[in-house]
Amino acid sequence: MSGMSIWEILLLGVGLSMDAFAVSICKGLSVKKVKWQHLLCVGAYFGIFQALMPTLGYFLGTTFSNLIDQFDHWVAFILLAIIGVNMVREALSKDEDETNDDFGFKTMLLLAIATSIDALAIGVTFAFLDVNIVPAISVIGCTTFCLSFVGVIVGNFFGARYKRRAELSGGAILILLGIKILMEHLGIIG
């Protein structure tokens, strides 16, 4: 992956997955007994959409990348910082999420879209950084599937105790990746 290392992509996948992980914890809270179908349903919806959205963003980004090549590192930094700050803000807000035990198509589709919108912007960033999209979305999708799968179990077993920490961690990871990208392009770090 020419624009980012596999470790950076994995770290990005973990950061992007934190919204889905937090919602998965809520889904785990909503059921008395977790079944395999709950785990697979949540993991599949979130994993697929977390891979689909950067793909769409990547194709949008490649279409317009020649127009802003000289500013691409700033765009990557700003997008990652905005997403990261928003995740931190949500984690620190006092609003409590309601639990919903519906695992139906409409509910899961809306949750999957809502938790993967950030990944659309990341896909645009991938285009500017010339990232090999197939391995990148594979890592992000698999990471999200696994963390969402685990999130349902964590939510069912531990409750909402880890939801805020997950969102804070994800936001911090995205902000730090944005800073790293900017510093590399400005020649501050190698």
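The values are calculated or read from the model by the stated rules, or taken from the named source; none is laboratory data. On a predicted model such as this, the values are computed, not experimentally measured, just so you know. Neighbour counts are summed over all protein chains in view; Cβ atoms, including those assigned to glycine, are modelled from backbone coordinates with ideal geometry. With ligands, DNA and RNA removed, areas are computed over all heavy atoms of the protein, side chains included. Shrake-Rupley method; radii C 1.70, N 1.55, O 1.52, S 1.80 Å.
Mind telling me which of the residues ILE179, ILE175, ILE188, ILE153 ends up being surrounded by fewer than 24 Cβ atoms within 10 Å (Cβ to Cβ), modelled with pLDDT of 85 or more and not in a helix (DSSP H, G or I)?
ILE188
Among the numbered criteria (1) touching a Ser or Thr at 6+ places or on another chain (Cβ under 7 Å); (2) open to solvent by less than 50 Å² (accessible area, probe 1.4 Å); (3) modelled with pLDDT under 85, which one does GLY47 miss?
Failed condition: (3).
Among the candidates VAL34, VAL75, single out the residue that is closer than 21 Å to SER148 by Cβ and either assigned to a helix (DSSP H, G or I) or modelled with pLDDT of 90 or more (or both). Break it down into steps so the answer makes sense when it comes.
On the way: VAL75 fails: closer than 21 Å to SER148 by Cβ.
So the residue among VAL34, VAL75 that is closer than 21 Å to SER148 by Cβ and either assigned to a helix (DSSP H, G or I) or modelled with pLDDT of 90 or more (or both) is VAL34.
With the condition kept exactly as written, say whether any residue in segment 118-133 is assigned to a helix (DSSP H, G or I) and closer than 15 Å to LEU39 by Cα. Steps first, please.
Step one: of segment 118-133, the residues assigned to a helix (DSSP H, G or I) are 118-129, 133.
This time we only want the ones that are closer than 15 Å to LEU39 by Cα, so: none.
No, segment 118-133 has no match at all.
Here is a list of conditions, (1) crowded, with 16+ Cβ neighbours inside 10 Å; (2) closer than 26 Å to ALA44 by Cβ, and PHE158 meets all of them except one; can you say which number that is?
Going through (1) crowded, with 16+ Cβ neighbours inside 10 Å; (2) closer than 26 Å to ALA44 by Cβ one by one, PHE158 breaks only (1).
Just name the residue that is most open to solvent (accessible area, probe 1.4 Å) out of those in segment 133-149 that are touching a Ser or Thr at 6+ places or on another chain (Cβ under 6 Å) and not hydrophobic (A, V, I, L, M, F, W, C).
THR143
If the requirement is being under 24 Å from LEU10 (Cα atoms), open to solvent by 20 Å² or more (accessible area, probe 1.4 Å) and either among the small types (Gly, Ala, Ser) or part of a helix (DSSP H, G or I) (or both), which of these qualifies: THR63, THR55? Can you show your working first?
Working: THR63 fails: under 24 Å from LEU10 (Cα atoms).
Answer to the selection: THR55.
In this structure, is PHE105 open to solvent by 30 Å² or more (accessible area, probe 1.4 Å), modelled with pLDDT of 85 or more and not small (Gly, Ala, Ser)?
Spelling it out, PHE105 is indeed open to solvent by 30 Å² or more (accessible area, probe 1.4 Å), modelled with pLDDT of 85 or more and not small (Gly, Ala, Ser).
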